[in-house]
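These notes concern the structure reproduced below.
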Amino acid sequence: MKPRKFTPAHNSKELAELVCSNSLKSTSPDKASGILKKEMLQLDSLIINSAYSCQLPAGGALAVDRQKFSKEVSRKIKNNPLIQVIEEEVLSIEEETTTPTIIATGPLTSSNLSNNIEEFIGKENLSFYDSISPIVSYESLDNDHCFRASRYEENEGDYINCTLNESEYALFHRTLIESEKIEFHKFEKPNYFEGCLPIEVMAERGFETLRFGPMKPVGLTDPKTGKRPFAVVQLRKENSNESMWNLVGFQTKMKIKDQKEALSCIPALKKAEFLRFGSIHRNTYINSPGVILNTLQSQKNPLIFFAGQITGVEGYSESAAMGLIAGINSSRVFKNLEPIVFPIKSALGCLTKYISDSTNKKIQPMNINLGLFDIKKPKKNIEKIKKSSRESINEINMRNQIELDLV
Ligand SMILES: Cc1cc2nc3c(=O)[nH]c(=O)nc-3n(C[C@H](O)[C@H](O)[C@H](O)COP(=O)(O)OP(=O)(O)OC[C@H]3O[C@@H](n4cnc5c(N)ncnc54)[C@H](O)[C@@H]3O)c2cc1C
C-alpha cells in the first residue's frame, strides 16, 4: 500500500524496507540462520541474492546498505514484465477467489485488513502483540541445579524445574530491577494483561511477587534435598525431541545482554544457550496451527496463502523464507501441480512445520534455530543437519524444475 498509505513503522516508498536493524543475521553454515539463508540461495531467493549484492562488512552477519537493498529489490520487481505493482491498501480478502492469492501484510497489517482476516480465520486466531519467553537448549542446562517434575505429581513430570535458594533469588531479583529495558515504539500502547506481565515489571512490584507468580515453588520437592526449593523457574518442552525448553511465564522487555545477565543468575541456566530471547512487541500474527497448512495454504481456501511474519515466524530472513515457499507453492497450484511440503530435514521445513503443526495449540512467533531440527543434540550433529538440508533442497529444486518443464 506504500507510498499511498504507511504503517507507523514504514517510511520509505521502496519495497523490502528494513524498519530497524540492517542485519539479516549470521551467514555461518554452523548456525541455523546461516543454513536457512543457504537453502534460500539454493532456491534463488530474490531477497537473499539482493542482500548479498548490497552487503556491508559485519563480521559473520549479512548486513546490508538498507537504501541500496530496498532499491535493488524494487528495481528487480518493477522491471519484471510479469509483475504489475498496484500501490493500494487491500481492504479485504476475496474469500471465494479462484486464482492463487498470497497475503503477506506483515506485523503491522492495516486495521481494515486485519479485521477482515479475523473474520476469515476466526477472531481467536489473530494476535496483535507477541509476548515471548526465552527458549534454551537442553544440552546447555546444568543438571546439578534442576530436576524433572510436575507440581503435586509423583511421576517423572513434564517440567524441568530450575532451583534457586534465597540468596540466588535475591541476586536474580536485583539484576532484574537494574536491567535495561527496550522502549516501546510510539505506536505501541503497552496495556499489559495482568496474567502475562513481563518478569521485570513483576519484580518491580515487590521482592516476593515472582515467588508467588511464575517462580512459585509450591507442589515441588527437590529430590537432591528432599525439600521445597525457595523459588523455581519452570521449563516446558517446546518440541517433541525435547531439545528446546521454554521458560514458563518469563516474557520480558529486557535488552538481550540484560536477559543473558539476569538469567545466568539462575544456577541451572548459568551457561544456557538461548535459542530465542524474550520479547514483547506489536505484532499481527496468526495462530497458524489449524489455520495454515504446511504448504502455507489456508485450510479454509487452499488458493489463499499466507506468507511473511504474519504466519507466526519472526525476523527478516524467516519472513522472506515464508514468502519464498508461498511463491513457489502458489505458482505450482496455478499450474495444477501439487504444492511442496518442505522436508523437516531442511530449515525451511522445520519452520513451516513449527507454525502449522496442529499438535501445538498456541504458538508464539519463532525464529529459525537448531532446536527446531528434528534431531537429538543438534549442535553435536551439525554436519548431519547441513548435509540433509543441502540434499533435501537440491531434491526439491530438481523435482520442481522437472515438473515445471513437463507443464
Ligand atoms: C518496529 C519493528 C522493528 C522490527 N525490527 C526488526 C529487526 O531489527 N530485525 C528483524 O529481523 N525483524 C524486525 N522486525 C520484524 C520485521 O518487520 C519482519 O521480520 C519483516 O519485515 C516482516 O516481513 P513481511 O514481509 O512479513 O512484512 P513487512 O516487511 O512489514 O511488509 C508488509 C508490507 O505490507 C504492507 N501492508 C500492510 N497492510 C496492507 C494492506 N492492507 N494492503 C496493502 N499493503 C499492506 C505494509 O505497508 C508493508 O509494506 C521489526 C518489526 C517492527 C514492526
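The values are calculated or read from the model by the stated rules, or taken from the named source; none is laboratory data. Remember, predicted model here, so these are calculated numbers, not experimental data. FYI the Cβ positions are ideal-geometry reconstructions off the backbone, even for glycines, and counts take in every protein chain you see. Just so you know, the surface numbers come from the protein's heavy atoms only, side chains and all, with ligands and any DNA or RNA stripped out. Shrake-Rupley method; radii C 1.70, N 1.55, O 1.52, S 1.80 Å.
Can you name every residue in segment 350-398 that is at pLDDT 95 or above, among the small types (Gly, Ala, Ser) and under 15 Å from Asn294 (Cα atoms)?
Listed by number, the list holds a single entry, Ser356.
I want to confirm something. Restricting to segment 179-213 and keeping residues that are in a helix (DSSP H, G or I) and not aliphatic (A, V, I, L, M), which single residue is least open to solvent (accessible area, probe 1.4 Å)?
Per the criteria, the residue is Glu200.
Take Arg236 and tell me if it is part of a strand (DSSP E or B) and outside the structural domain of Met366 (by TED's automatic domain parsing).
Considered against the rule, which asks whether it is part of a strand (DSSP E or B) and outside the structural domain of Met366 (by TED's automatic domain parsing), Arg236 comes out as yes.
For every residue, the table says whether it meets (1) aromatic (Phe, Trp, Tyr); (2) within 16 Å of the ligand (Cβ to nearest atom); (3) farther than 17 Å from Pro3 by Cα; (4) open to solvent by less than 20 Å² (accessible area, probe 1.4 Å).
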site	(1), (2), (3), (4)
Val73	no, yes, no, yes
Gly106	no, yes, no, yes
Ile117	no, yes, yes, yes
Lys123	no, no, yes, no
Leu126	no, yes, yes, yes
Leu141	no, no, yes, yes
Asp144	no, no, yes, no
Phe147	yes, no, yes, yes
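To keep it simple, each residue is scored yes or no on (1) within 13 Å of the ligand (Cβ to nearest atom); (2) open to solvent by less than 10 Å² (accessible area, probe 1.4 Å); (3) out of contact with any helix residue (DSSP H, G or I) (no Cβ under 7 Å at 6 or more places or on another chain).
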site: His281; (1), (2), (3): yes, no, yes
site: Tyr316; (1), (2), (3): yes, no, yes
site: Ala320; (1), (2), (3): yes, no, no
site: Asn329; (1), (2), (3): no, yes, yes
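Only one of these conditions is not met by Ala170: (1) open to solvent by less than 80 Å² (accessible area, probe 1.4 Å); (2) assigned to a helix (DSSP H, G or I); (3) in contact (Cβ under 8 Å) with a residue 40 or more places away in the chain. Which number is it?
Every condition holds for Ala170 apart from (3).
When you look at Pro3, is it open to solvent by 50 Å² or more (accessible area, probe 1.4 Å), more than 7 Å from the ligand (Cβ to nearest atom) and touching a helix residue (DSSP H, G or I) at 6+ places or on another chain (Cβ under 9 Å), yes or no?
In short, no.
Tell me, please, whether a residue that is within 14 Å of the ligand (Cβ to nearest atom), on the phi < 0 side of the Ramachandran plot and modelled with pLDDT under 95 can be found in segment 44-56.
no
If you check Ile77 against the conditions, is it closer than 20 Å to Ser317 by Cβ and either under 25 Å from the mean Cα position of the chain (by Cα) or within 16 Å of the ligand (Cβ to nearest atom) (or both)?
In short, yes.
Mind listing whichever residues of segment 80-101 are in contact (Cβ under 8 Å) with a residue 12 or more places away in the chain and either outside any loop (DSSP other than H, G, I, E, B) or within 11 Å of the ligand (Cβ to nearest atom) (or both)?
Glu87, Glu88, Glu89, Val90, Leu91, Ser92, Ile93, Thr101
Quick check on segment 239-248. Is at least one of its residues within 16 Å of the ligand (Cβ to nearest atom), touching a residue at least 12 places away in the same chain (Cβ under 8 Å) and either within 17 Å of the chain's Cα centre (by Cα) or assigned to a strand (DSSP E or B) (or both)? Before the answer, list the steps.
Just the residues of segment 239-248 that are within 16 Å of the ligand (Cβ to nearest atom), to begin with: none.
Checking segment 239-248: not a single residue is within 16 Å of the ligand (Cβ to nearest atom), touching a residue at least 12 places away in the same chain (Cβ under 8 Å) and either within 17 Å of the chain's Cα centre (by Cα) or assigned to a strand (DSSP E or B) (or both).
In segment 6-20, how many are without any contact (Cβ under 8 Å) to a residue 24 or more places away in the chain and either in contact with a Gly (Cβ under 7 Å, 6 or more places away or on another chain) or near the ligand (Cβ under 9 Å from one of its atoms) (or both)?
Within segment 6-20, the first condition is being without any contact (Cβ under 8 Å) to a residue 24 or more places away in the chain, and the residues that meet it are 6, 11, 13, 19-20.
Those left that are additionally either in contact with a Gly (Cβ under 7 Å, 6 or more places away or on another chain) or near the ligand (Cβ under 9 Å from one of its atoms) (or both): 6, 19-20.
Count: 3.
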